[in-house]
1. How big is the antiparallel share of DSSP beta bridges in the range 298-417, given as a percent to the nearest 5?
2. What residue among Leu332, Leu290, Ala397 has its Cα farthest toward the positive end of the dipole of the range 282-397, where the charges are +1 on Lys, Arg and -1 on Asp, Glu, each on the Cβ?
3. Taking the range 2-210, how much of its Cα-Cα pair set, in percent, is spaced more than 21 angstrom apart?
4. Mind checking the alpha-carbon convex hull of the range 216-297 and giving the volume per residue in Å³?
5. Residue by residue, what Karplus-based ³J(HN,Hα) values in Hz, rounded to whole numbers, does the range 65-80 have, using 6.51, -1.76 and 1.60 with θ = phi - 60° and x for Gly and Pro?
6. I want to check the label-to-label distance for Arg19 and Glu369. Put each point 7 Å from Cα in the C-beta direction and report it in nm to one decimal.
7. About its Cα centre, what dipole magnitude does the chain give when the only charges are +1 on Lys and Arg Cβ and -1 on Asp and Glu Cβ, stated in debye to the nearest 20?
8. Size of the chain along its principal axes in angstrom, Cα-based, largest extent first?
Amino acid sequence: MFSKIGLAAFKKDLTNIQRLCEFLDHPEKKFKSIHIAGTNGKGSVSHMLAAILQTAGYKSGLYTSPHLKDFRERIRIDGNMCSQEFVIDFTERIKPIIEEIDPSFFEITVAMAFEYFAEQKCEIAIVETGLGGRFDSTNIIVPELSVITNIGWDHVDILGNRLENIAFEKAGIIKPGVPVVVGEVLPETQPIFEQVSTEKNSPMSLASEKRQAISWSWEKVARRPAVHELVVEIAQQNKTDHQVYRLDLPGLYQTKNLVTVLETCTQLQHLGWNIEDADVKKGLQSAKKLTDLHGRWEVVQQNPLVVLDVAHNQDGIKILMEQVEITDHEHLHIIFGIVKDKELEQILPLFPKLADYYFTQANIPRSLEARLLKQAAEQFQLKGEVYRDVNSAIKAALTKASADDLILVCGSVFLVGDVEVVG
């Protein structure tokens, strides 16, 4: 499976997922969907949309990857994970086809999600790609709407080392005649999206041209003083009135994801989905609660402030460090682990030199050994010690930190998933 072992598990072929779904009598054709790809933000966008649709009264499926703690996090309906009984029964049912075609772990999970959504009669499902788009196992659905959050540098060994190449792979989810929403565009990527959408006769909407965040603030939640909401004022094209949205996902980067989500909701309304503006606001204010999303500027302790964030690539780390800069703290402690296939020479310069570093690794084969990470970091004047796992690193940081310090755990979804000692 790619998430655990990397490139060796990736297949540029949809044959296995097609065979699996044929064996299951094509569950992918039995529910409506929204397909979401992108370098960063697709998980947050997926969860926010699921929360909004659930709030609007739709039985809403959600397929995301990877998981943090429990495999069943990947497959949810109305925020609830699929049952253990379903997973066991499904695995037994598909044994004959597994033995015949030897599918990957990811291919099996995608088929499992599609079967669950069909069996449970989901009215709509949010389906997040695993990697890329064109050859991603999720790319056998014909959705109501396709969404591409943004394009950045990640998985260059698979998707290509030019933004145009990466954009082309993500644009592979665009289906003939199916509208597409693109969140952020760059001069290198916009022509790719325009070309593919024109070739496929798919109306394209650029979210960043329709709306923009003009102000933001953090506000404490009444009766929960340790919890903050992100309050964002949005200006919309051709409208004089501004709208204010409150998000229970307080990461500043959610302002960009919010613009994508709002345009997606507008396009769904145009397609006939009954989503009221009040549903959008209520869903956004409870997205984390309704969908159980974790690891997005997640504050798990106060005094000292301990934050978990799954940022793991160049663009994600860059905006995460911007948030660190505007967060009040005395001294900074960064607990950092990463997987082997990341571009360290692009990522490490983004980290501040004035911080104590705790180099560690997640408990998966794909993790970069902490000792090697420390050696690489020292080339950029990032100083710290090596710890055998993230929990021993957190314990060390908590011992060293004062009440006004900030402890940040970042660099890998799997590293955040291993955290046990706080929360």
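1. The antiparallel fraction comes to roughly 20 percent.
2. It is Leu290.
3. For the range 2-210, the share of Cα pairs beyond 21 Å comes to 51 percent.
4. Spelled out: Cα convex hull of the range 216-297, divided by residues, is 109 Å³.
5. Here the 3J(HN,Hα) series is 7, x, 9, 8, 10, 10, 3, 6, 4, 5, 10, 10, 10, 6, x, 9 Hz.
6. 3.7 nm
7. Dipole size: approximately 260 debye.
8. Extents along the principal axes: 59, 57, 43 Å.
Just so you know, all these numbers are worked out from the coordinates, no wet-lab data involved. Note that the structure is a prediction, hence the values are computed from the model and not measured. Here Cβ is always computed from backbone atoms with ideal geometry, including for glycine, and neighbour counts include all displayed protein chains.
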